[in-house]
1. Let me confirm something: among L156, L116, L125, which residue is surrounded by fewer than 16 Cβ atoms within 10 Å (Cβ to Cβ), in a strand (DSSP E or B), in contact with a Phe, Trp or Tyr (Cβ under 7 Å, 6 or more places away or on another chain) and not charged (D, E, K, R)?
2. Report yes if some residue within the range 99-109 is among the small types (G, A, S), at pLDDT 95 or above and part of a loop (DSSP other than H, G, I, E, B); otherwise report no.
3. Does the range 143-151 contain at least one residue that is modelled with pLDDT of 95 or more and of a type in the set (D, E, K, R)?
4. Do you know which residues across the range 142-153 are of a type outside the set (D, E) and outside any strand (DSSP E or B)?
5. Select from the range 91-115 the residues that are of a type in the set (D, E) and under 11 Å from I76 (Cβ atoms) and list them in ascending order.
6. Go through the range 168-184 and give me each residue that's at pLDDT 95 or above, in a loop (DSSP other than H, G, I, E, B) and over 12 Å from the mean Cα position of the chain (by Cα).
Amino acid sequence: MPTFCSARRRGVALSLMLVAALAACDDAHPSPGATAPNASLSRGPQPSEARQSPDGNAYGPVACRRGSQQLGTAVIGPDGGTLRVGSSYVVVPAGALSERVRMTARVLDTLAAIELEPHGLSFALPVELTIDTRQCAVREEQHPVLLYLDDDGQVLETIDGRLDEDAGSFFARIVHFSVYAVGV
């Protein structure tokens, strides 16, 4: 369970990422194909560069312009439920959990990324993750994937998903909570 100090450090890191992203922007809107700094939501800004995934491909999180960080919480149990944060959400099906769990989701304004807590929470059934991409620089022809990131922003796994440009969302199934980003 996160402590007040770890939450405060994360808040400071998120603020630094926002300041760095805004300072690096020379355009009011991200251009298609642009990627944002590769960093998990729990650490400070990193140089804009693609990271190699275990499959040998290089991916970077997609840049966004949402206007503000978003935070949501929910208590979900064996009957299932939905954790919403802005227009992003996680649908936990009935039977995926054996007990009630307090969950938190944090979405940055500068990345198509979401941090889901408690980190490492595993599910008996896959849960549906939908990340809002309406103000993000991603297109179907880029073949986006979901990136499972470690605390250093390294890609641990790529997960197939589906971008719906008309709805402005990216959909994938996950089996545990951590930091995830839409990557190209």
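The values are calculated or read from the model by the stated rules, or taken from the named source; none is laboratory data. Bear in mind that the values here come from a model prediction, so they are computed numbers and not experimental data. FYI the Cβ positions are ideal-geometry reconstructions off the backbone, even for glycines, and counts take in every protein chain you see.
1. Exactly one residue qualifies, and that residue is L156.
2. no
3. no
4. Answer for the range 142-153, where residues must be of a type outside the set (D, E) and outside any strand (DSSP E or B): Q142, H143, P144, G153.
5. E99
6. Hit for the range 168-184 is G168, nothing else.
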